[in-house]
Amino acid sequence: MCPNSCIAYTGPFNLLETCPKCGSSRYEDATPTEQDESSNSFRRKKPRRKPRKQFYTIPLGPQLQALWRTPEGADRMHYRNRKTEQIVATLHSNGYQLPVLDDVFHGAEYLDAIRAARAGQIRDNDILLMYSIDGAQLYCDKESDCFFSIWVILNLSPDLRYKKKYVLPANFIPGPNKPDHTESFLLPSFRHASALQKEGLMVYDARKQEEITCGLFFCFFTADTVAIPTLNGLVGHTGGSGCRIPCGQ
C-alpha cells in the first residue's frame with residue numbers, strides 16, 4: 001500500500017511503482033550487490049522488492065470452514081434453517097402475519113429470496129453475511145487512524161453472531177492516515193468472496209458427517225455515519241446535503 005494510505009496496489013494499481021496521488025515510492029531501496037563466497041567477488045544482485053508499507057487481508061473461506069468443523073459448530077450454523085422453517089410455519093398458520101419480529105429472517109426481502117431459491121437465490125446451505133467497516137484512533141491525541149473490517153455470520157443465532165469469538169476479521173488498514181481509495185483496499189476481500197460465490201465453498205458438516213457446498217449471500221453492508229461513504233460512495237454527513245437528507249430510507 002502507499003505509505004500515506006492513498007491507495008492499495010491492487011486491481012488497476014497492481015503494476016504501479018509510485019502512488020498516483022502523492023508520488024511516494026511503492027518499494028524501499030534494494031541492496032544492489034551481494035558477495036559471492038565461492039569466488040570472493042561481488043556480483044549484481046537482483047533487487048529484493050520490499051514494500052514500504054502493507055495492509056492485511058484475512059481470507060473468509062477458511063474461517064467459514066472452521067465454523068462447521070465440530071458437531072456443535074455445525075448445529076449453530078444450521079440456526080438459520082431452523083428459524084426460517086419456524087417463520088414459514090407461523091406465516092401459514094397465522095394468516096401470513098408475524099406477531100413478533102426479532103431477527104433479520106423476518107424481513108420481507110429475505111423471505112422473498114427464500115421463495116425464489118429455484119432462481120438461484122438463498123438456498124438451504126447458503127451462508128448469509130454482513131460486512132462492516134470502521135476506523136479507530138489507536139492512540140490518544142496522535143495521528144493513529146486504523147481502519148478495519150469484519151464479517152458477521154447471520155446463520156448464527158443473535159446471541160452468538162455478535163460475540164468476539166464468532167466475528168470474523170476481514171482486513172486491517174494501518175494508519176496514520178485514513179485510506180483515500182478505499183475500494184482498492186477492499187478488493188482482495190471481495191475478489192476472494194466473489195470466487196467463493198461462483199465456485200461454492202466446500203465445508204465438512206460435522207453434524208451430518210459429510211461434505212456440503214455452501215454459497216455466499218451478502219445481506220448487509222454496514223458502517224457508522226462517518227465510515228458509510230467508504231462503502232456507498234455518497235457524500236456523507238459533511239456534505240451540503242447530507243446523505244441522510246435526500247434518502248428516503
>> Under a crude label model (7 Å from the Cα following the beta-carbon direction), how far is Lys178 from Ser144 in nanometres?
In response: 1.9 nm
> Between Gln121 and Thr18, what length comes free when the chain is fully extended (0.36 nm per residue of separation minus the Cα-Cα distance, one decimal in nm)?
Replying inline: 32.9 nm
>> For the pair Glu85/Asp29, report the inter-label distance in nm, with labels modelled 7 Å from Cα in the Cβ direction.
In response: 6.8 nm
> Label His192 and Leu101 with points 7 Å out from Cα along Cα→Cβ: what is the distance between them in nm?
Replying inline: 3.5 nm
> So for region 56-232, what percent of the C-alpha to C-alpha distances run longer than 27 Å?
Replying inline: 34 percent
> Given a Förster radius of 25 Å and the C-beta distance between Lys53 and Gln137 as r, what FRET efficiency does 1/(1 + (r/R0)^6) yield to the nearest 0.05?
Replying inline: 0.85
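Computed from the coordinates by the stated procedures, all read-outs in this text should not be read as laboratory data. Just so it is clear, the model here is predicted, and its values are computed rather than measured. Backbone-built Cβ (ideal geometry, glycine too); neighbour counts: all protein chains shown.
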